Amino acid sequence: MTYIVALTGGIGSGKTTVSNEFKKIGINIIDTDTIAKNIIEFNSTISLSIKKKFGKKILNIDNSINRFLLRKYVFNNKNDRLWLENLLYPKIYQETKNQIKITQSNWCLWVVPLLIEKKLEKKAHRILLVDTPVKEQIKRIIKRDNISHVEAKKIISLQTTRKARISISDDIIFNNKNIKNINLYIYYFNIFYSYLSEKYHKKKIIDIKKNYLTKFY
């Protein structure tokens, strides 16, 4: 089994920046946002369910689903947001497991924004948090998504708290947009996780041998 590091963080914290840097040095990335995007785009059963649920207000001119409009709509309606998450997450988790099975690097990075919300903490061997002050998050998502300050605060309020994320994390990258500092984190954590991965796999081999000998004798 592959050694799994779960990368989490609030919206606008810089998860994509961090995961891209890990990807550059050869670490396999399993990104739940990318998986969700592909499911919505290519799974006809799922996309049809979404279109029936939300109608034309979340569609592009060509009748495809506009993910930005969909996200904006569900963030304003808790029941609709939970409906969408319950529709997508079984598929997302199954595809996550499929990708982990074929990973080639000695450990993999599993990018999971809703790690706490979906109670997935125990599905990873290690949790890495990208942490950014809330004020900085607000600035980033206002600029990125072209939304108001009020909308940005509301989106953040719907996610789990910064304090809760910190409490369950094993390691933290403090993202102040200094790419040199981020690269230092990447360098250090790759060495550290490679060591933990090697240690983990050695233990698995020893355990398998013990179980075999116990059954044999």
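Highest mobility in the GNM of the chain, judged by mean-square fluctuation with C-alpha springs under 10 Å and restricted to 152, 164, 124, is found for 164. Where a ≥ b ≥ c are the square roots of the eigenvalues of the C-alpha gyration tensor, would you call the chain rounded, which needs a/c under 1.5, or, failing that, prolate if a/b is larger than b/c, or oblate? Since a/c reaches 1.5 but b/c is at least a/b, the shape of the chain is classed as oblate. Listed by chain and number, the lysines whose C-alpha is less than 26 Å from the C-alpha of residue 202, apart from same-chain residues fewer than 8 away, are 23, 97, 101, 122, 123, 210, 215. Ranking of 96, 34 by neighbouring Cβ atoms within 10 Å, starting from the fewest: 34, 96. Straight-line cross-link reach from residue 177 at under 17 Å between alpha-carbon atoms covers these aspartates and glutamates, not counting any fewer than eight positions away in the same chain: 21, 131, 136. For the range 90-186, which trypsin sites (Lys or Arg not before Pro) are both in a DSSP coil and crowded by at most 12 other Cβ atoms within 10 Å? Listed in order of number, the matching sites are 119, 177.
Summing Lys and Arg as +1 and Asp and Glu as -1 over all other residues whose Cβ lies under 12 Å from the Cβ of residue 79 gives a net charge of +1. DSSP finds beta bridges in the chain, and of those with both partners inside it, around 5 percent are antiparallel. Within the listed set 61, 100, 39, the residue fluctuating most in the Gaussian network model of the chain (springs between alpha-carbon atoms under 10 angstrom) is 61. Here residue 52 is the anchor, and the lysines within straight C-alpha reach of less than 23 Å, apart from those fewer than 8 places off in the same chain, are 37, 72, 78, 91. Restricting attention to the range 1-111, close to 10% of DSSP beta bridges with both partner residues there are antiparallel. Evaluating 6.51 cos²θ - 1.76 cosθ + 1.60 at θ = phi - 60° for every residue in the range 145-158, the Karplus couplings come out as 9, 6, 10, 7, 4, 5, 5, 4, 5, 5, 4, 5, 5, 7 Hz, glycine and proline recorded as x. For the range 36-104, a/c is not less than 1.5, where a ≥ b ≥ c are the root eigenvalues of the C-alpha gyration tensor, and a/b tops b/c. That puts it in the prolate class.
Since every read-out is calculated from the coordinates, none of them should be taken as a lab result. Bear in mind the structure is a predicted one, so any value in this text is a computation, not a measurement. Ideal geometry is used to build each Cβ from the backbone, glycine not excepted, and the neighbour counts take in all protein chains shown.
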